[in-house]
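The values are calculated or read from the model by the stated rules, or taken from the named source; none is laboratory data. From a predicted model like this one, the values you see are computed outputs, not experimental measurements. For neighbour counting, all protein chains shown are included, and Cβ atoms are generated from backbone atoms with ideal geometry for every residue, glycine included. Protein only, heavy atoms only, side chains kept; ligands, DNA and RNA dropped before computing areas. Shrake-Rupley method; radii C 1.70, N 1.55, O 1.52, S 1.80 Å.
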Amino acid sequence: MTLTFLGIESSCDDTAAAIVRSDATILASVVAGQVALHESFGGVVPEIAARAHVEKLDLCVEEALATAGLTLADLDGVAVTAGPGLIGGVMAGVMLAKGIAAGTGLPLVGVNHLAGHALTPRLTDGIGFPYLMLLVSGGHCQFLHVTGPEQFQRLGGTIDDAPGEAFDKVAKLLGLPQPGGPAVEAAARQGNAGRFDLPRPLLDRPGCDLSFSGLKTAVLRVRDGLVAEQGGLHEQDRNDLCAGFQAAVADVLAEKTRRALAARPVPVLAVAGGVAANKTIREALQRVADQAGAAFVAPPLALCTDNAAMIAWAGIEAFRMGRRDDMTLAGRPRWPLDQSAAPMLGAGKRGAKA
């Protein structure tokens, strides 16, 4: 039996709805971004994001249904991001999904946002288990050994900033617009990655854990040195710093991925999350996969960043395993995929990133 699910995503600053079938057909995928709302603040403002989700969620659902040529009566279930994420946005999505489920009698499935990313290669490329997933985004970075729709073993992760967070902060340091990832990548194309000697954190330590906070600080120090020496930052200085920073991130991710593949040899290396859209990082990971004799899978760029198609698909996978949620479903700001792993260290006062 072919299932058709509505997916709802609102964990950060993208309001999204999608209609996906269990044969991996994406009938509709709608994403309403909030870049203009947060641009002047230099980052995502949770309260503004939550209010925007409330205003746009029902419109995105209506558009997705219209694009797919379906009504709520044609659906077999509703999947919604129930965490982790900015709690105001997560709650907005969960409440809408509950309302739809209560009003239609459709089954409700709460989805871990990270599971959505981790299972995306099964939606886009139909890969089987097991595989190694490198999840790299604005808020998360971890290596996952994926053996089932709800079976994730964390092999390592960031102990401080996620790569996407570091890209955003470096962009801000250098006076580049947000979101920082695309801005830094564009500037790096015109830069010399070898001009500045930037660190590759934690490569001198065993294991697959990562750190990017020190790299960000190194960029700050170089910037301040240049400003003090020449009275400002020239465009070429900015481009060279971006190129050096991007190369350092790519080197760290490549080496840690090599270690993860050695620890858990699998036939496929997959990557997902917003940072997976970076061409330099993709090429570095492709080389690592080739050297390890593993296939390399990177979803289309539109499905690397936050979207609801991945949530609908993860909901379908969980539904097939018999999972259902009810009206007690609650939003969760933190929700580790690997429940058995110890919390990551070094994540600051708010607790473990993982």
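If I ask for residues that are charged (D, E, K, R) and surrounded by fewer than 18 Cβ atoms within 10 Å (Cβ to Cβ), which ones from segment 229-257 would you list? Don't jump to the end; show me each part of the working.
Within segment 229-257, the subset charged (D, E, K, R) is 229, 235, 237-238, 240, 251, 255-256.
Once the filter is applied, which keeps residues that are charged (D, E, K, R) and surrounded by fewer than 18 Cβ atoms within 10 Å (Cβ to Cβ), segment 229-257 yields E229, E235, D251, E255.
In this structure, does L202 turn out to be modelled with pLDDT of 95 or more and either within 30 Å of L337 (Cα to Cα) or more than 17 Å from the chain's Cα centre (by Cα) (or both)?
Values: modelled with pLDDT of 95 or more: no; either within 30 Å of L337 (Cα to Cα) or more than 17 Å from the chain's Cα centre (by Cα) (or both): yes.
It is false that L202 is modelled with pLDDT of 95 or more and either within 30 Å of L337 (Cα to Cα) or more than 17 Å from the chain's Cα centre (by Cα) (or both).
Within segment 67-181, considering only helices (runs of 4 or more DSSP H) that don't extend past its boundaries, which have at least 2 residues that are over 26 Å from D209 (Cβ atoms) and open to solvent by less than 20 Å² (accessible area, probe 1.4 Å)?
Hits in segment 67-181: 87-104.
Looking at V61, is it assigned to a strand (DSSP E or B), open to solvent by less than 60 Å² (accessible area, probe 1.4 Å), more than 26 Å from P182 (Cα to Cα) and not acidic (D, E)?
Details: assigned to a strand (DSSP E or B): no; open to solvent by less than 60 Å² (accessible area, probe 1.4 Å): yes; more than 26 Å from P182 (Cα to Cα): yes; not acidic (D, E): yes.
Considered against the rule, which asks whether it is assigned to a strand (DSSP E or B), open to solvent by less than 60 Å² (accessible area, probe 1.4 Å), more than 26 Å from P182 (Cα to Cα) and not acidic (D, E), V61 comes out as no.
Which one of G83, G180, G128 is more than 14 Å from the chain's Cα centre (by Cα), closer than 24 Å to R323 by Cβ and of a type outside the set (A, V, I, L, M, F, W, C)? Step through it out loud before you land on a result.
Working: G83 fails: more than 14 Å from the chain's Cα centre (by Cα); G180 fails: closer than 24 Å to R323 by Cβ.
Of G83, G180, G128, the one residue that is more than 14 Å from the chain's Cα centre (by Cα), closer than 24 Å to R323 by Cβ and of a type outside the set (A, V, I, L, M, F, W, C) is G128.
Among the residues of segment 296-318, are any of a type outside the set (F, W, Y), loosely packed, with under 14 Cβ neighbours inside 10 Å, more than 23 Å from L123 (Cβ to Cβ) and at pLDDT below 95? First the steps, then the outcome.
In the first step, residues of segment 296-318 are kept if they are of a type outside the set (F, W, Y); the result is 297-312, 314-318.
Subsequent filtering for residues that are loosely packed, with under 14 Cβ neighbours inside 10 Å retains 300-302.
Okay, now just the ones that are also more than 23 Å from L123 (Cβ to Cβ), so none.
Checked segment 296-318: no residue is of a type outside the set (F, W, Y), loosely packed, with under 14 Cβ neighbours inside 10 Å, more than 23 Å from L123 (Cβ to Cβ) and at pLDDT below 95.
Of everything in segment 36-45 that's within 21 Å of the chain's Cα centre (by Cα) and open to solvent by 70 Å² or more (accessible area, probe 1.4 Å), which residue is modelled with the highest pLDDT? Before the answer, list the steps.
Quick first cut of segment 36-45, residues within 21 Å of the chain's Cα centre (by Cα) only: 36-39, 42-45.
Then drop every residue that is not open to solvent by 70 Å² or more (accessible area, probe 1.4 Å), which leaves 36-37, 39.
Values: A36: 78, L37: 82, E39: 75.
For segment 36-45, the residue satisfying everything is L37.
Give the residue that is most open to solvent (accessible area, probe 1.4 Å), with candidates limited to residues of segment 183-228 that are touching a Phe, Trp or Tyr at 6+ places or on another chain (Cβ under 8 Å) and among the β-branched types (V, I, T).
My answer is V222.
When you go through G83, G88, G42, G77 one by one, which is the residue that is under 18 Å from Q178 (Cβ atoms) and not hydroxyl-bearing (S, T, Y)? Write out each step before concluding.
Values: G83 fails: under 18 Å from Q178 (Cβ atoms); G88 fails: under 18 Å from Q178 (Cβ atoms); G77 fails: under 18 Å from Q178 (Cβ atoms).
Of G83, G88, G42, G77, the one residue that is under 18 Å from Q178 (Cβ atoms) and not hydroxyl-bearing (S, T, Y) is G42.
Quick test of your reading of the structure: L215 fulfils all but one of (1) under 27 Å from A260 (Cα atoms); (2) at pLDDT below 95. Name the failing condition by number.
(2)
Given the options A262, A272, A292, A284, name the one that is touching a helix residue (DSSP H, G or I) at 6+ places or on another chain (Cβ under 8 Å), open to solvent by less than 20 Å² (accessible area, probe 1.4 Å) and free of Cβ contacts under 8 Å to residues at least 60 places away in the same chain. Spell out the reasoning first.
Values: A262 fails: open to solvent by less than 20 Å² (accessible area, probe 1.4 Å); A272 fails: free of Cβ contacts under 8 Å to residues at least 60 places away in the same chain; A292 fails: open to solvent by less than 20 Å² (accessible area, probe 1.4 Å).
The match here is A284.
Taking segment 231-245 only, how many residues are assigned to a loop (DSSP other than H, G, I, E, B) and hydrophobic (A, V, I, L, M, F, W, C)?
Here is the first cut: in segment 231-245, the residues assigned to a loop (DSSP other than H, G, I, E, B) are 231-234.
Applying the additional criterion that residues be hydrophobic (A, V, I, L, M, F, W, C) yields 233.
Final tally of qualifying residues: 1.
Please work out which one of (1) closer than 22 Å to C208 by Cα; (2) in contact with a Phe, Trp or Tyr (Cβ under 7 Å, 6 or more places away or on another chain) is the condition Q339 fails and give its number.
If we test Q339 against (1) closer than 22 Å to C208 by Cα; (2) in contact with a Phe, Trp or Tyr (Cβ under 7 Å, 6 or more places away or on another chain), just (2) comes out false.
From the list R258, R287, which one is farther than 22 Å from A188 by Cα and at pLDDT 95 or above? First the steps, then the outcome.
On the way: R287 fails: farther than 22 Å from A188 by Cα.
Every option except R258 fails the conditions.
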